[in-house]
Each structure stands twice: as structure tokens, then as C-alpha cells.
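Enquirer: If you scroll down you'll find the structure; I have some questions about it.
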Amino acid sequence: MSTVMTKAINLKLVRNDNERSEPEVQKEVVYDTKGLNLWYGETHALKNINMDIREKEVTAIIGPSGCGKSTYLKTLNRMVELVPIVKTSGQITYKGKNILDKSFRVEDLRTQVGMVFQKANPFPKSIYENIAYGPKIHGIKNKKILDEIVENSLRGAFIWDELKDRLNDNAYGLSGGQQQRLCIARCLAVEPNVILMDEPTSALDPKSTLRIEELVQELKKDYAIVIVTHNMQQAARISDKTAFFLNGEIIEYDKTDHIFNNPADERTGDYISGRFG
Amino acid sequence: MATRYMDAELVGKRMSSRVRKNTGWKGLFFASTLFGLVVLAVLLVRIFTQGIEYINIDFLMNHLSTDASRAGIMGAILGTAWLMVVVIPVTMVIGVGTAIYLELYAKKGKLQSFIATNISNLAGVPSIVYGLLGLTLFVRTLEFGNVILAGGLTLSLLVLPIVIVAAQEALRAVPGNLSEASYGMGATKWQTVRRIILPAALPGILTGAILALSRAIGETAPLTVLGIPALLIPFPEGIFDTFTALPMQIYYWTIDASLVAEYANLAAATIIVLLVLLFLLNSIAILIRNKFQQRY
């Protein structure tokens, strides 16, 4: 609970002394989106998206259902292409290379960009095999190395102590919250640079949600994290920057404190204060 | 609380008739099930009472003979076993391969649904038509002659649609979020198919295989068209040998029963052997299926 409380208090303080003046070191850009448009068949789902995502930051994407926030997230690892009728224009550069370019191999991209889904989706395998899956598909066979990866990944997701004695149990026997943290650990096992999270706590109870949020705070020390959330408080608590999407457009993208305390656009303010959405 | 539309008296009156109807329908459904069970029981009792006393080691191990009392069905048992040696791998590899392509690789569109519909239609084509196809293609054009390979391939064609359709359904039933998780870690399509989708679909695929196998093992019509004899021929030792099979044996003995009455008893005994063999094969398939059955 303490992390949330402190964060909330921080927010309050920030609001009071209006930290616009605070000097800040700009972190390195991981993703740079320029003029991205996306169509599902005839539906124009993303309109002229411009947005950069920096490392060691949590970037939250908020907005009402159907605003395109999940679509944008899935464009960042090209999972959106699993829907065959998708067309895109514009560019998204990841570390300087355009990932929408046909010559960019999706397998490369997805190895460097992990994803955590809305509903925990462990494989119907043992806990160990769930974590070892990623390294194995990338060709690691040495049992010792795999053991090490499994332990480190589970430690990284702060679930090692809970699970270390039942590594051979089926992952389906875990609680919903544990399954989601297992999925985060599974994602860490491939050692990505970026973690995309698509409403990772929307199916979890408050306690499990809190644990995931604390985990996100830890993970951002090493990873760039992009999180789509329906939960405004969550965005306020855990993110450094927030983008507000509406009808496929970015209405506002700024530091989270500004978005929540001092939104530039009226619609952002209306959405955040719960007047619509 | 006063009710506006739900008149207590009327509702009460209708109640007993509704409940009666409910019981009536239940009885009808039970009767339908009973019908099948009774027919099956009659068949089994009839066959067993007639045939069981003719089953002994000699009957199982002997060659055919014109003397009914010395005739054995080892040749037919071996023939059926060899047929399965051809049918099982051919249908599993081609059937599952086709299902994987149609379900996971082919672009969803008119062509794909056209192919899928036609495969379902093929499952309904009479088996004798497959016999004619086998005769033209394998026995004559490819000049195999009426050997085990020709018979096995013909039966494979016959049951392929069943395997394909069942495997497609099993693949479709694998939750999409499992493959998403795999793709999300940088797995290729093949890795995802091989390590996630196929294991999850395996129980369903094996269920289809069981059905297909049961059908293939009992088919007679296509084999008659291929000209499979039930004569005094040596035991088959490989897929290029001529052969006879258990259903053929049953067929010929049933016809010949008008000449020598005892053949009818031998046919009954052969049916028991065929049923036992079928039961054994299905048990093995079910065991394999249960071993791989996992929740997801």
C-alpha cells in the first residue's frame, strides 16, 4: 500500500508547487512514431499519431473504449498484423529503424519488445516450462542456463519466493494475479528492452493490481514500459507520461502530472474527471 | 405484492401441464437413446451366441481352407493389420498437414472456404466411389495391383476428410491468446504451431483419428471394387503383397453361407475378432488422447 500512498502524496505535492520549472535530463528515445495512420478495412482506427516513447519511463495510454489505444500498443510490436485486413501508413522507428518497413523482421522486434496481455495467458505447461519457453525458442538448450533464466525471471517479477517450490506444477493452478506475474516473468525471460502492457490488471482484484503496479515501478528502472489502462488512478499512480487517445487521435500527450492536474485540452479534463468515457 | 399479469390461478392451472410435458420430452429422449442401445445389444448377443464357440487358437492362426472346420483367419487379421500400417501414418500426416495449412496458414477468403466446404462434402461420398478411384489410380494407373498399398491408400483417401475436418475443428478451438503469447516473444509461426497449438489440439485430433480408423477398418465396399479376394493366398509380409482383410472375409463367408451353412458361424466368429481388434485400437488411441489432454 505504501508505494501507492507515497505516489498519491507526491502527486499532491507536485500539484502544489507546479513542477514545470524542474530541470530534467531527457531520456533516450526508444520509439518514435511519426504520422501513423491505421485502417481496419474501411475503419480509420488511428489518425496521424505522433508520439515518442523513452526508455526507463512508464508511458500510460488512456482513453475510452474503441479509441485506438490497444491498437496503437499492438502496432508497436506489430501484433496488430494478426488481423489480416490491417493497413498502415506513416512510420514508427524503434532505435532508429522503421518497424513498419516490410524488411523489418517481426520476430526480431518481438524478441526485443515483450508484451503482457489483458487476460493472463500462461501456456498449459509447468511454471518452469512457461518461463523457459522464450529462451528455448531462441535456441537456448543448456539446462543450467535455463534454470538460471527461470530463477532470475521469477525473481525479477517478485514471484520467485512464492513459486520456487512448485516449478513443475501446471501454471493453470495459480491464482489470477500469480498467473499475470508469471506472464510478466515469462516476458522478462527473453530480456526485452521494452514491455508493452495491455490493461494488465483489468481482470485482477485490488491486491493483485497493487502488486503488479509495484512491479511496474521496479521494472521501469531497466525497461521502457508502455501501459494501456482504463483505470485513471492507475495511470496517475504509476506513469511518467500519459497520452490521451480519443477516436483514434492523440488529444494530448504530456507528463502525467500535467495531464492530470493541468490538462491543455478540455476533452482531456472532461475524460479524467469522469464526465464521459 | 399484487401481480399484474401473472394470475396465480391461471399459472397454477397451466403448471401441471407444463411439468407433464417436461417429463414427456425427457421420456422421448431417453427412448431414442434406448433404441440405439437395444439394437447394439441384440447385434452383440446374436453375433456372440453364434460365433464365440468357433473362436479358438486354430481358427485365429490357420490359413483359409475349403473345409469349414479347418478354416482360419490369420491371413485376414494380418491383412487388416497391414492396412492400418498404411492408413494410420498416411491419414495422420496428410490429414493433419492439410488442416494446419487451411486453418493456420491459408489466407481466409473465398478459396479457403470453398476448399473447406468441399472437404466436408467429400466425407459424404459413398465408399464404393472411393473404391473405383482407388482401382483406377492405384491398381491400374500406378500399376500397384490389388496389394496392401493400393488398399491402404484407397482407405486413406476415404477417411482423410474425417481426419481433416476433426483436426481443423481441434485447431480452431485452441484459444488465440496462447498463440499471441508465443508470437509476442518472437516465436515464428512454425514454432508456435509445433510447441503451442499442436499439443493443445492433439486430443481433438486424436478423437478424429479414432473415428476415421474405426471407419477404415470396417470398410468392405471399396475393397470389393479393388478386387481383393478371400482365397487361399499366402500370409502377407509387406505392403506389396496381395491380401485379404477381415471385412472381406466376413462378406465372402456370409455369401457362401448359402452353400455351406457352417460358413455363417465362421462369419460371426470373424465379426467378433474384428470388433475386438477395433476395440483394442480405439483403446490405444483413447489412452494416448488422455495422456495429452490438458486444460486450457
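The values are calculated or read from the model by the stated rules, or taken from the named source; none is laboratory data. As the structure is a computational prediction, the values presented were derived from the model and not from experiment. Methodologically, a virtual Cβ is constructed for each residue, glycine included, from the backbone with ideal geometry; neighbour enumeration extends over all protein chains shown. Areas reflect the complete protein model, heavy atoms only, side chains present, ligands, DNA and RNA absent. Shrake-Rupley method; radii C 1.70, N 1.55, O 1.52, S 1.80 Å.
Enquirer: Work out the mean other chain Cβ neighbour count within 10 Å for the residues of B:172-181 and drop it here as an integer.
Expert: Working: counts 0, 0, 1, 3, 2, 6, 4, 2, 7, 13.
So the per-residue partner count for this stretch is 4.
Enquirer: Same structure, new question: Can you figure out the FRET efficiency of B:Ala31 with B:Leu142, using R₀ = 56 Å and their beta-carbon distance, to the nearest 0.05? Display every interim value, and only then the final one.
Expert: Details: r = 51 Å, r/R0 = 0.90.
The computed FRET efficiency comes out at 0.65.
Enquirer: For A:Asn98 and A:Asn142 in one chain, what is 0.36 nm times their gap in residues minus the Cα-Cα distance, to one decimal in nm?
Expert: On the way: separation 44, 0.36 × 44 = 15.84 nm, distance 3.41 nm.
Using 0.36 nm per residue and subtracting the Cα-Cα distance, I get 12.4 nm.
Enquirer: Between region B:44-72 and region A:38-73, how many Å separate their Cα centres?
Expert: That distance is 75 Å.
Enquirer: Quick check: pseudo-label points 7 Å beyond the Cα along Cα→Cβ at B:Thr254 and B:Tyr101, how many nm apart are they?
Expert: 3.7
Enquirer: Using heavy-atom solvent-accessible surface (probe 1.4 Å) with all chains present, what is the largest-first order of A:Ser273, B:Ser179?
Expert: On the way: A:Ser273 70, B:Ser179 20 Å².
From most accessible down to least: A:Ser273, B:Ser179.
Enquirer: Provide the packing ranking of A:52-58, A:36-42, i.e. peptides ordered by the mean count of other C-beta atoms within 10 Å per residue, highest first. Working shown, then result.
Expert: Values: A:52-58: 18.3, A:36-42: 15.0.
In decreasing order of mean packing, A:52-58, A:36-42 become A:52-58, A:36-42.
Enquirer: Now a separate question. Give me the distance in nm between label points sitting 7 Å out from Cα along the Cα-to-Cβ direction at A:Asp165 and A:Ile85, one decimal.
Expert: 5.3
Enquirer: Given points 7 Å out from each Cα along the Cα-Cβ axis, report the B:Arg18 to A:Tyr40 separation in nanometres with one decimal.
Expert: My value for the distance between the label points is 4.1 nm.
Enquirer: Going Cα to Cα from B:Lys13, which lysines come in below 23 Å? Please leave out same-chain ones fewer than 8 positions away.
Expert: Qualifying lysines at Cα under 23 Å: B:Lys21, B:Lys26.
Enquirer: Counting DSSP beta bridges in region A:180-277, what percent are antiparallel, to the nearest 5?
Expert: Working: 6 of 11 bridges.
If we restrict to bridges inside region A:180-277, about 55 percent are antiparallel.
Enquirer: Here is a further query. Pick out which of B:Leu277, B:Leu160, B:Leu223 has the largest mean-square fluctuation in a Gaussian network model of chain B, springs linking Cα atoms closer than 10 Å.
Expert: B:Leu277
Enquirer: Which cross-chain or sequence-distant (5 or more) residues have an amide H under 5 Å from the amide H of A:Leu246, H modelled 1.01 Å from N in plane?
Expert: A:Ile251
Enquirer: Return the subset of A:Lys119/B:Lys110; A:Lys164/A:Lys207; A:Lys87/A:Lys220; A:Lys141/A:Lys220; A:Lys74/A:Lys102; A:Lys47/B:Lys189 for which the Cα-Cα distance in this structure is over 25 Å, preserving the input order.
Expert: Numbers: A:Lys119/B:Lys110 33 Å; A:Lys164/A:Lys207 21 Å; A:Lys87/A:Lys220 32 Å; A:Lys141/A:Lys220 29 Å; A:Lys74/A:Lys102 16 Å; A:Lys47/B:Lys189 30 Å.
From the list (A:Lys119/B:Lys110; A:Lys164/A:Lys207; A:Lys87/A:Lys220; A:Lys141/A:Lys220; A:Lys74/A:Lys102; A:Lys47/B:Lys189), the Cα-Cα distance tops 25 Å for A:Lys119/B:Lys110; A:Lys87/A:Lys220; A:Lys141/A:Lys220; A:Lys47/B:Lys189.
Enquirer: Here is a follow-up. Taking each residue in B:33-45, count the Cβ atoms of any other chain within 10 Å of its Cβ, then average. What number comes out?
Expert: On the way: counts 0, 0, 0, 0, 0, 0, 0, 0, 0, 0, 0, 0, 0.
Averaged over the peptide's residues, the number is 0.
Enquirer: As a test question: what accessible area, to the nearest 10 Å², does A:Asp169 have when a 1.4 Å probe is rolled over all protein chains in place?
Expert: Accessible area, nearest 10 Å²: 70 Å².
Enquirer: Ok, one more. If you restrict to DSSP beta bridges whose two residues both lie in the protein assembly as shown, what percentage is antiparallel, to the nearest 5? It would help to have the intermediate numbers written out before the result.
Expert: Values: 26 of 43 bridges.
Taking every DSSP beta bridge with both residues in the protein assembly as shown, the antiparallel ones total about 60 percent.
Enquirer: Local charge sum around A:Val150 (other residues, Cβ-Cβ under 12 Å, Lys/Arg +1, Asp/Glu -1)? Mind dumping the intermediate values first?
Expert: Details: positive: A:Lys136, A:Lys143, A:Lys144, A:Arg155, A:Lys164, A:Arg186; negative: A:Glu129, A:Asp147, A:Glu148, A:Glu151.
My count for the surroundings of A:Val150 gives +2.
Enquirer: Compute the longest continuous run of chain B that contains no exposed GluC sites (Glu not before Pro); treat a site as exposed when its DSSP state is not H, G, I, E or B and it has at most 11 other Cβ atoms within 10 Å.
Expert: It runs B:1-142.
Enquirer: Rolling a 1.4 Å sphere over the protein heavy atoms, what is the accessible area per residue of region B:148-218, to the nearest Å²?
Expert: On the way: 2010 Å² over 71 residues.
Heavy-atom accessible area per residue stands at 28 Å².
Enquirer: How much length is gained if the chain between B:Ser283 and B:Val45 is pulled fully straight, taking 0.36 nm per residue apart and subtracting their Cα-Cα distance, in nm to one decimal? Working shown, then result.
Expert: Values: separation 238, 0.36 × 238 = 85.68 nm, distance 2.18 nm.
Working it through step by step, the gained length comes to 83.5 nm.
Enquirer: In whole Hz, with x marking every Gly and Pro, tabulate ³J(HN,Hα) for region B:175-182 from phi via Karplus 6.51 cos²θ - 1.76 cosθ + 1.60, θ = phi - 60°.
Expert: My calculation for region B:175-182 gives x, x, 6, 6, 5, 4, 4, 5 Hz in order.
Enquirer: Shifting gears a bit: Evaluate peptide B:184-196: per residue, the Cβ atoms of other protein chains within 10 Å of its Cβ; return the mean as an integer. Could the numbers behind the result be given before it?
Expert: Details: counts 18, 16, 16, 9, 4, 1, 0, 5, 1, 0, 1, 6, 5.
Average neighbour count from other chains, rounded to a whole number: 6.
Enquirer: Given a 1.4 Å probe, show me the residues in region A:122-165 buried by at least 40 Å² of accessible surface when comparing the whole protein assembly to the chain alone.
Expert: By number: A:Phe123, A:Pro124, A:Tyr133, A:Ile137.
Enquirer: So what does A:Phe158 come to for accessible area, using a 1.4 Å probe and Å² rounded to 10?
Expert: Approximately 100 Å² for this residue.
Enquirer: Next question. Quick one: length gained pulling B:Asn56 to B:Val125 fully straight, 0.36 nm per residue minus the C-alpha distance? Spell out each step's value before the answer.
Expert: Values: separation 69, 0.36 × 69 = 24.84 nm, distance 3.83 nm.
Going from the current span to full extension adds 21.0 nm.
Enquirer: I need the peptides B:189-200, A:92-103, A:71-82 ranked by packing, meaning the mean over residues of other C-beta atoms within 10 angstrom, with the highest value on top.
Expert: Working: B:189-200: 18.3, A:92-103: 14.6, A:71-82: 20.8.
In decreasing order of mean packing, B:189-200, A:92-103, A:71-82 become A:71-82, B:189-200, A:92-103.
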